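The values are calculated or read from the model by the stated rules, or taken from the named source; none is laboratory data. Treat the numbers as computed from the prediction; the structure is a model and nothing was measured. Neighbour counts run over all protein chains shown; Cβ positions are idealised from the backbone, glycine included.
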Amino acid sequence: MPVLFTGATGFLGCRIVRELLSEGGDEPITVIGRGSEPDLRARMEAAVTWLDGPSLPAGALNRLRYLSGDITLPGLGLTAEERARATDGITQLWHSAALLRLEGDPAPLHRSNVVGTRHVLELAEHAPDAHLMHVSTAYVAGRRLTGHILEEDLLDDHGFQTYYEESKYTAERLVRAWGARTGRSVTVLRPGLLVTDRPVPEGLPGQPLNILLRIVDAGLHSKAVRARSLAAFVKGGRRRGDAVRIRIAADPDGTANLVQVEYAARAMVRTARAHAGRPAAVRTVHVTHPHNASADIALKALEVRYPRLSLSLVPHIPDPTPLEQLVAQHGAGMVGFSAQRRTYDRTHLCEALGDLPDPEPIDESYLARACGDPDVPVGPDVRVPA
Ligand SMILES: NC(=O)c1ccc[n+]([C@@H]2O[C@H](COP(=O)([O-])OP(=O)(O)OC[C@H]3O[C@@H](n4cnc5c(N)ncnc54)[C@H](OP(=O)(O)O)[C@@H]3O)[C@@H](O)[C@H]2O)c1
């Protein structure tokens, strides 16, 4: 079952590739991504070797092939010969590459997530037997913050919290229309917010939770805060006293669907297997945790990393402090993104998963581990996905 894969160097993508390798077999998995082929090889081998999971069959890494390509370029920038090499005989095409950014200029998000998906669909036309596995997000539900979201639902009538959500929504629309027009087999996978409690070493793709850590770290190192030696105080190293109180404007009863990335990758590969050979159709699957986590427990976990911080969610902050302004300025997207009340239907997921047990609950201690060692800063080179 030769496979072509975009986004294999990402936080999720490398785990899906590892799952595919752990299933055994000798068919090639072609990783298409930015950078030279030796660079792609080095990054993939570092990630796959570091990741946990069932042991890999001998020689598994030899199944990986590498091709330089950029989804924002027509034809992904491939020559005709490279395109033929990439698509020859493939039975699965995974499209996981995307730009994950909650704020800033929408143009790069459009280029990567909408135009990039269009380019991948054009490439898929050269692989008529390939089942398309398109990685979307549960956040295509946008500003629909309450209610139970069905896997078939794809509506824009509530609008979107971020252009990232909108770009993924538009990409999903393209994928659905393409599937209907071509009569091809398509599975759209919509993960919740992906997390891991295993600290990711520098150089390997980091997790979205790092965005919150970076906001707090940035706040603690800002001029205003440094002037008062607050950073050392907040980290608990200087003197005892009252906690520094930071209010964050968000729904105090908000929840987020956090799901272990290891579970999500395994569930996606099981879904691919379950959908293979079924009559051609577009099927959408929520790869979500069965239970939402309260946004409050994420704040409590942050307090473990920063013991003198006291964080709370409030609907409005009429009199923000400079630190609260900073959090609002840089963290608004992430916090609004995380605090909501909707739930996700998992009927199609459960049908596909067979005996795969539900993931463990995501509780405060899990998230405290995910937040990592307080003495290890979240470096600026850690990527900040969503
Ligand atoms: N992380 C989450 O919590 C989450 C939640 C829901 C859905 N998702 C979806 O899951 C998918 C994977 O996310 P992730 O967490 O693995 O993100 P990630 O760690 O940021 O990885 C993104 C991947 O896309 C690749 N990519 C980006 N732009 C590209 C381009 N122009 N050409 C070729 N490759 C490009 C990146 O390559 P480089 O390594 O070269 O940058 C990387 O492999 C995305 O579709 C995302 O929307 C993620």
Mind checking which pairs have a first residue in the stretch 1-16 that is in contact (Cβ under 8 Å) with a residue 40 or more places away in the chain and a second that is more than 6 Å from the ligand (Cβ to nearest atom) and among the hydroxyl-bearing types (Ser, Thr, Tyr), Cβ under 6 Å, 6 or more apart or different chains? 1/91; 4/30
Does the stretch 81-104 contain at least one residue that is touching a helix residue (DSSP H, G or I) at 6+ places or on another chain (Cβ under 9 Å), closer than 20 Å to residue 339 by Cα, of a type in the set (A, V, I, L, M, F, W, C) and crowded, with 21+ Cβ neighbours inside 10 Å? yes
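Would it be correct to say that residue 134 is buried (at least 18 other Cβ atoms within 10 Å of the Cβ) and either more than 13 Å from the ligand (Cβ to nearest atom) or not acidic (Asp, Glu) (or both)?
Numbers: buried (at least 18 other Cβ atoms within 10 Å of the Cβ): yes; either more than 13 Å from the ligand (Cβ to nearest atom) or not acidic (Asp, Glu) (or both): yes.
Answer is yes for this residue.
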Residue list for the stretch 153-177, restricted to those being more than 13 Å from the ligand (Cβ to nearest atom) and out of contact with any Asp or Glu (no Cβ under 9 Å at 6 or more places or on another chain): 155, 157, 158, 161, 174, 176, 177
Does the stretch 185-195 contain at least one residue that is farther than 30 Å from residue 125 by Cα and either away from the ligand (no atom under 14 Å from the Cβ) or at pLDDT below 70 (or both)? no
Residue, nearest to residue 192 (Cα to Cα), within the stretch 138-152, restricted to residues that are free of Cβ contacts under 8 Å to residues at least 60 places away in the same chain and within 16 Å of the ligand (Cβ to nearest atom): 140
Just one of (1) within 22 Å of the chain's Cα centre (by Cα); (2) of a type in the set (A, V, I, L, M); (3) under 19 Å from residue 204 (Cβ atoms); (4) buried (at least 20 other Cβ atoms within 10 Å of the Cβ) trips up residue 64, so point out which. (1)
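Answer with yes or no whether residue 194 is out of contact with any Lys or Arg (no Cβ under 7 Å at 6 or more places or on another chain), buried (at least 18 other Cβ atoms within 10 Å of the Cβ) and of a type in the set (A, V, I, L, M, F, W, C). So that I can check it myself, show each step before the final result.
On the way: out of contact with any Lys or Arg (no Cβ under 7 Å at 6 or more places or on another chain): yes; buried (at least 18 other Cβ atoms within 10 Å of the Cβ): yes; of a type in the set (A, V, I, L, M, F, W, C): yes.
Yes: the conditions hold for residue 194.
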Report the residue count in the stretch 3-54 for those that are of a type outside the set (D, E, K, R), farther than 20 Å from residue 262 by Cβ and at pLDDT below 95. 1
